[in-house]
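Below: the structure, in structure tokens.
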Amino acid sequence: MSSKPFLIQLTRQEMSMCKQAAALRWQLARAAGVYNQRNDQVRSDQDIDYLGLRGETAVAKAYDLDYSPAALGIDDGVDMFIAGMSMDVKTSFHSEGVLLFKNPDAVKADLLFMATNTPEENVMWLLGWTTRQYFLENAEPFANDKSLGLSQDKLRRPESLWRLKTQREHGTAA
């Protein structure tokens, strides 16, 4: 993994959109009977949705991807697309957090990306990414064997995703 993950700063407008979308997502999902299956028992579902939306927004901003935090609907395991590949962004409150999924069936996207919180609410660390296949082959049991986690040191560097995106969109580089 990169020794220096990317820091992405969100604008006031992006933060406002994330806050509004978190409230809406929380209300919509709970009204539909869908509940967070979280390991974090300290924070509210809305806090977790807000963190996730900030992570997704930061990744979309870094890679110039089409993404709207206010898009309606319940999370289906794909947050956005990059160069024709589906991507799921996972965000942790913990700087040493792991890329975490509740079970193998929850891993639906082609690419999995990890971001974390920083002490500044509007700044996110982009830590790295991996493929669905690599995650399923290398993730280890986490949280009393209920979930699967992949440590940050096994993630690919964030800049390598930019290279993959560029190659897929514009041809192979020498």
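What's the local net charge at Asn103, with K and R +1, D and E -1, over the other residues with C-beta under 11 Å away? Charge balance near Asn103 sits at 0.
The phi-based Karplus calculation (6.51 cos²θ - 1.76 cosθ + 1.60; θ = phi - 60°) puts the 3J(HN,Hα) values of the stretch 96-107 at 9, x, 10, 6, 10, 10, 5, 5, x, 5, 7, 8 Hz, whole numbers, x for Gly and Pro. The charge dipole of the stretch 6-170, taken about its Cα centre with unit charges on the Cβ atoms of Lys, Arg (+1), Asp and Glu (-1) only, comes to about 80 debye. The three principal axes of the Cα atoms in the stretch 50-114 give end-to-end lengths of 27, 25, 22 Å, sorted in falling order.
Summing charges over all other residues whose Cβ lies under 12 Å from the Cβ of Thr166, with Lys and Arg as +1 and Asp and Glu as -1, gives 0.
Each peptide in 55-63, 95-103 receives the mean, over its residues, of other Cβ atoms within 10 Å, and ordering these scores from highest gives 55-63, 95-103. Only DSSP H runs of four or more residues enter the estimate; each adds -39500 (n - 2.57), and after division by the residues of the chain the mean residue ellipticity at 222 nm equals -11000 deg cm²/dmol. Cross-link partners among lysines for Lys165, C-alpha distance below 23 Å, same-chain residues fewer than 8 apart left out? By straight Cα distance, Lys165 reaches Lys4, Lys61, Lys90, Lys108, Lys154.
Backbone amide hydrogens, once placed in the peptide plane, bring Ser92 within less than 5 Å of Ala115, Thr116, Asn117, excluding anything fewer than 5 places away on its chain. Candidates Ala60, Gln27, His170 compared by Cα position along the dipole of the chain: farthest toward the positive end lies His170, with charges placed on Cβ.
A straight chain from Thr131 to Ser44 at 0.36 nm per residue would run longer than the Cα-Cα distance by 28.4 nm. Shown for Lys90, Lys108, Lys165: other C-beta atoms within 10 Å of each C-beta, ranked fewest to most, produce the order Lys108, Lys165, Lys90.
Note on the chain: with a GNM built from Cα contacts shorter than 10 Å, the maximum mean-square fluctuation among Arg157, Arg12, Arg132 falls on Arg12. Classified by the C-alpha gyration tensor, the stretch 6-170 has a rounded form. Its axis ratio a/c, with a ≥ b ≥ c, is below 1.5.
Rule-based calculations on the coordinates, nothing more; no lab input. These figures come from a predicted structure and were not determined experimentally. Don't worry about glycine lacking a Cβ; one is built from the backbone with ideal geometry, like all the others, and counts go over all protein chains shown.
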